[in-house]
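Q: Before I ask anything, let me first share the structure, which is written out below as structure tokens.
The values are calculated or read from the model by the stated rules, or taken from the named source; none is laboratory data. Here the structure is a predicted model, which is why all the values come from computation and not from measurement. Counting neighbours? That spans all protein chains shown, and the Cβs are built from the backbone with ideal geometry, glycine included. Quick note on the areas: whole protein, heavy atoms, side chains included, nothing else; ligands and nucleic acids left out. Shrake-Rupley method; radii C 1.70, N 1.55, O 1.52, S 1.80 Å.
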Amino acid sequence: MKQDADLEALVRRRIRSLRMARGWSLEELAGRCLISPSTLSRIETGHRRIALDQIATIARVLGTTLDRLVESDADDDVVIRPHRNDERGITTWLLSRDSNQTVSKMRVTRGVPADLRVHPGRDWFTVLSGTIELRLGERTILVGTNEAAEFSTLVPHAFGAHGGPAEILCILDHEGERSHLGPEH
């Protein structure tokens, strides 16, 4: 029971904080959510339970997700630790993950794999150090430090380090995450 009450209090605080961060009054957020200002006030102050349809609407209007509203606020371990995969020649630091995309830093030591992959979506990366060899279909492109690449992943593709290790920052959609980071993430 206490855990449920703590979670509700956390969600209420987050709703109020997000509303205030946007500079919205109770009336403005309530209007956007198609609920009365008094109902929203009672939700924020704990005088009314939050219905699932209301919290989903409020989250959407505030530009967040249900997951983000209810995720734990514990910060027991805020250090992002690397995941090393010697077989694939990649070390990854998972920086951010939400329902649509993943942001990851990668240290690439392997060359370009022989197998080119295809998956729905788009990939984006910027090279922090070194050079990445990107194969897109029949093309080979060298992407150096402080350069970026963005491409459709429907084109057969693979990448690897060129002339020594390279570090990249990449944004991947769900399919790209599974393809490039592997199942351990």
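Q: Using a 1.4 angstrom probe with every protein chain in place, what is the largest-first accessible-area order of Glu27, Glu167?
A: Numbers: Glu27 115, Glu167 35 Å².
Most to least solvent-accessible, the answer reads Glu27, Glu167.
Q: Return the single residue from Ser17, Ser104, Ser96 with maximal mean-square fluctuation; model: Gaussian network over the chain, springs between Cα atoms under 10 Å.
A: Looking only at Ser17, Ser104, Ser96, the biggest GNM fluctuation is shown by Ser17.
Q: Would you calculate, for the chain, the mean residue ellipticity at 222 nm contributed by helices, counting each DSSP H stretch of 4 or more residues as -39,500 (n - 2.57) and dividing by all residues, to the nearest 500? Mind showing how you got there, number by number?
A: Values: 6 runs with 60 residues, N = 185.
Helix contribution divided over all residues of the chain: -9500 deg cm²/dmol.
Q: Now for a different question. Need the full-extension length gain, Arg13 to Ser38, defined as separation in residues times 0.36 nm minus the C-alpha distance. One decimal, nm. Provide the component values of the computation, followed by the final result.
A: Values: separation 25, 0.36 × 25 = 9.00 nm, distance 1.67 nm.
Roughly 7.3 nm would be gained on extension.
Q: Could you tell me the accessible area of Met20 in Å² (1.4 Å probe, neighbours in place), rounded to the nearest ten?
A: 100
Q: Given an 8 Å cut-off on Cα distances and at least 6 residues of separation, report the relative contact order of segment 128-171 as a percent. Could you put the intermediate results ahead of the total?
A: Values: 69 pairs, mean separation 22.9, N = 44.
For segment 128-171, the relative contact order is 52 percent.
Q: Any chance you could look up the accessible area of Ile171 with a 1.4 Å probe, heavy atoms only, rounded to 10 Å²?
A: Only protein atoms counted, so the area is about 60 Å².
Q: At 1.4 Å probe size, with no ligands or nucleic acids counted, give the accessible surface of Trp24 in Å², nearest ten.
A: 40
Q: Can I ask one more? Along segment 59-69, what does the Karplus equation 6.51 cos²θ - 1.76 cosθ + 1.60 (θ = phi - 60°) give for ³J(HN,Hα), rounded to whole Hz, x for Gly and Pro?
A: 4, 4, 5, 7, x, 10, 10, 4, 4, 5, 5
Q: Label Asp6 and Arg81 with points 7 Å out from Cα along Cα→Cβ: what is the distance between them in nm?
A: The answer from the label model is 2.3 nm.
Q: Per residue, what accessible area does the chain have, given a 1.4 Å probe and all protein chains present, in Å²?
A: Working: 10990 Å² over 185 residues.
In whole numbers, the chain has 59 Å² accessible per residue.
Q: Which distance in nm do the two modelled labels at Glu150 and Leu95 give, with both placed 7 Å along the Cα-to-Cβ direction?
A: 1.5
Q: Another one. Select one label from (i) 27; (ii) 18; (iii) 43: the one whose number is percent of Cα pairs over 29 Å apart as derived from the coordinates shown.
A: (iii)
Q: While we're on this one: Scan around Thr131 for amide H atoms under 5 Å from its own, H built in the peptide plane at 1.01 Å from N, and keep only partners 5 or more places away or cross-chain.
A: So Thr131 has HN proximity to His162.
Q: Sorting Asp4, Asp123 by accessible area (1.4 Å probe), largest first, what list results?
A: On the way: Asp4 95, Asp123 5 Å².
Ranked list, largest accessible area first: Asp4, Asp123.
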